[in-house]
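Report on one structure; see the data block that follows.
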């Protein structure tokens, strides 16, 4: 299957670098989450990969070739950048039929992708009557129409209801399991943590991270354990004696960093302290992401004085 290869990819607009020397490989067989603050260069990078814009320098290739040199590109690369792109006066079926005819794709694929995206029952409705979530599904259907090896989706869960979000999550995993290269831009940290195997994170056009989800979280957020007993002071002293870094919470419990629940439970048992609460607090992608990008956002809200 085809990989996406970026080599020193740079794009300038009026002296400002939207993408700055980006070098990375998006590999097949996994879902790569594409993250970064607004203005980080994610959309520009996708446009460069798809030949919708030309780089100032560097290259963006698919299996060693730029998009504009691909024969029958819809069979090689499918994308969703804007769910509003479909003509509102056309039916969903006709929108996909025209795309199929223009790319020499068998018309039978139209029915296949309508079924796969849950739109078969509304195939003859005009697109202008569709909700945003339905338009998103139609955009995904168009991306899948040529049965491509590479899929690029920009905020595919935008406008979807909870059932739709679960559906798109499953679809992404299925596409990766089929051996495709799947690159998904998203602002939904919780969802990205569920569907992505790998992360690419940009900040001000530069590459900040290119790593697995688990490695990224573990490298940036220290594990924590919340523990509580009947005598908070005695527990605090016990933790201090054993060299644990801990903070006392308002309810008398302690949050212990860089610790394991099993170890703390054993210490308390040996000290004769009853365990009223002992809970490992999982580090989240959101915490790790904000730790990395705190100084990279182009626009940030300032705290309000009260």
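Using Cα springs under 10 Å in a Gaussian network model of the chain, which residue among 91, 61, 129 shows the largest mean-square fluctuation?
In the Gaussian network model the winner is 129.
Running a GNM on the chain with Cα contacts under 10 Å, which residue among 166, 184, 31 ends up with the highest mean-square fluctuation?
166
For residue 147 and residue 54, FRET efficiency with R0 = 25 Å and r from the beta-carbon atoms, rounded to 0.05?
E between residue 54 and residue 147, to the nearest 0.05, is 0.35.
Note the listed values [x] 76, 48, 46; [y] 68, 36, 33; [z] 70, 51, 37, then indicate which one is Cα extents along the principal axes in Å calculated from this particular structure.
The value computed from this structure is option [x].
Measure off 7 Å from each Cα along the Cα-to-Cβ vector at residue 240 and residue 71, then give the distance between these two points in nanometres to one decimal.
About 7.6 nm separates the two model spin labels.
At a 10 Å Cβ-Cβ cut-off, how would you order 216, 290, fewest neighbours first?
290, 216
Multiply the residue gap between residue 255 and residue 108 by 0.36 nm, knock off their C-alpha separation, and tell me the result in nm, one decimal place.
Here the answer is 47.1 nm.
Quick one: 268, 189, fewest Cβ neighbours within 10 Å first, how do they rank?
Final ranking by Cβ density, sparse to dense: 189, 268.
To the nearest Å, what is the center-to-center distance of the range 53-104 and the range 205-228, using C-alpha atoms only?
Distance between centres, Cα-based: 35 Å.
Using 7 Å Cα-to-Cβ label points, what is the residue 63/residue 16 separation (nm, one decimal)?
It is 3.7 nm.
Considering the chain as a Gaussian network with a 10 Å cut-off on Cα pairs, which listed residue, 39, 265, 29, attains the greatest mean-square fluctuation?
265
Please give the helix 261-271 orientation as an angle from the longest Cα principal axis of the chain, in degrees from 0 to 90, rounded to the nearest 10.
On a 0 to 90 degree scale, this one is about 10.
Express the relative contact order of the range 1-95 as a whole percentage, based on alpha carbon pairs under 8 Å and six or more residues apart in sequence.
It rounds to 29 percent for the range 1-95.
So what is the relative contact order for the range 222-282, in percent, with contacts set as C-alpha pairs under 8 Å and at least six apart?
50
Given R₀ = 35 Å, what would the calculated FRET efficiency be for residue 85 paired with residue 222, taking r from the Cβ atoms and rounding to 0.05?
Plugging the Cβ-Cβ distance into 1/(1 + (r/R0)^6) gives 0.20.
Evaluate the distance, in nm, between pseudo-label points positioned 7 Å from the Cα of residue 215 and of residue 281 along their respective Cα→Cβ axes.
Distance between label points: 2.8 nm.
What is the gain in length, in nm to one decimal, between residue 38 and residue 230 on full extension, counting 0.36 nm per residue of separation less the C-alpha to C-alpha distance?
Gain on stretching residue 38 to residue 230: 64.4 nm.
Report, in degrees rounded to the nearest 10, the 0 to 90 angle that the Cα long axis of helix 92-102 makes with the longest principal axis of the chain.
Roughly 60 degrees, rounded to the nearest 10.
Checking a compactness column here: for the range 178-279, what do you get for Rg(Cα) / (2.2 N^0.38 Å), N being the number of residues?
In units of the 2.2 N^0.38 Å rule of thumb, it is 1.51.
Please work out the Cα convex hull volume for the range 222-282 and give it in Å³ per residue.
71
What is the fewest-to-most order of 84, 90 by other Cβ atoms lying within 10 Å of their Cβ?
Ordered from fewest to most neighbouring Cβ atoms within 10 Å, 84, 90 come out as 84, 90.
The numbers here are math on the coordinates, done by the rules we state, and not lab data. For clarity, every value in this text was computed on a predicted model and none was experimentally measured. Here the Cβ is made from the backbone with ideal geometry for all residues, glycine too, and neighbour counts use every protein chain on show.
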